[in-house]
Amino acid sequence: MSVITRVPNVTFKTRVRDESVGGENPYRWEDKTTADIFGGKKVVVFSLPGAFTPTCSSNHLPRYDELYEEFKALGVDEIICVSVNDPWVMQAWGEATGAVAGGITMLADASGAFTKAIGMDFDAPPVGFLGRSKRYAMLVDD
């Protein structure tokens, strides 16, 4: 186990629902920094190597969904799942697993910048994983 005293300053490209956009896909791009995401909050962050992968989908993500209320009771403001995937894949995965409906925030680290900055990136070419995130969990307090 390692302790990071401050999460690195990274900007995530997020998709935010905005009805003023109109159409079948009413989302707009919004940059969110680590300060925006973690500032003034207690956040549980967990990361997985890939959306829609068997173990991540059947075991890891559902367990955080199951523990959502317990984390909230302990004063956690938000639970975020991070993976090195694009925002559309993360949203679709969260919807397909029920995690989004359960309150889990799906955060795409599309470029892997956050994952690399905290030293949790890895490559596994035999299975097609390049620049992916190791499995980890952390509690970020402000």
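Counting only the Cα atoms, the chain fills a convex hull of 122 Å³ per residue.
Between 58, 111, 83, the Gaussian network model of the chain with springs among Cα atoms under 10 angstrom shows the greatest mean-square fluctuation at 58.
Computed from the alpha carbon positions, the gyration tensor of the stretch 67-107 leads to an equivalent ellipsoid with semi-axes of 21, 11, 6 Å, biggest first. For residue 32, the aspartates and glutamates whose Cα falls under 14 Å of its own Cα, not counting residues fewer than eight places away in the same chain, are 109. The stretch 19-85 has equivalent-ellipsoid semi-axes of 24, 19, 13 Å, by the square roots of 5 times the alpha carbon gyration tensor eigenvalues, sorted largest first.
With a cut-off of 20 Å on the backbone N, the residues of the stretch 118-142 near the modelled label site 7 Å out from residue 4 along Cα-Cβ are 118-124, 130-142. The GluC sites (Glu not before Pro) of the stretch 20-114 that meet both conditions, a loop assignment by DSSP and at most 16 other Cβ atoms within 10 Å of the site Cβ, are 24. With a simple spin-label model that places each label point 7 Å from the Cα along the Cα-to-Cβ direction, the separation between residue 52 and residue 67 comes to 2.7 nm. From the P(r) of the stretch 93-142, can you give the percent of Cα pairs sitting at distances over 18 Å? Value for the stretch 93-142 (Cα pairs over 18 Å): 47 percent.
Amide H contacts for residue 10 (H built 1.01 Å from N in the peptide plane; partners 5 or more residues away or on another chain; cut-off under 5 Å): 34, 35. Of the residues 124, 56, 105, the one whose Cα sits farthest towards the positive end of the charge dipole of the chain is 124 (charges of +1 on Lys and Arg Cβ, -1 on Asp and Glu Cβ, taken about the Cα centre). Calculated FRET efficiency, residue 134 to residue 24, Cβ-Cβ distance, R0 = 35 Å: about 0.45 to the nearest 0.05.
Counting only residues at least eight positions apart within a chain, or on another chain, the aspartates and glutamates with an alpha carbon under 19 Å from that of residue 42 are 65, 66, 69, 70, 77, 78, 141, 142.
Each reported figure results from applying straightforward, stated rules to the coordinates on display, with no laboratory input. Just so it is clear, the model here is predicted, and its values are computed rather than measured. Note that we place each Cβ from the backbone using ideal geometry, even for glycine, and neighbour counts take in every protein chain shown.
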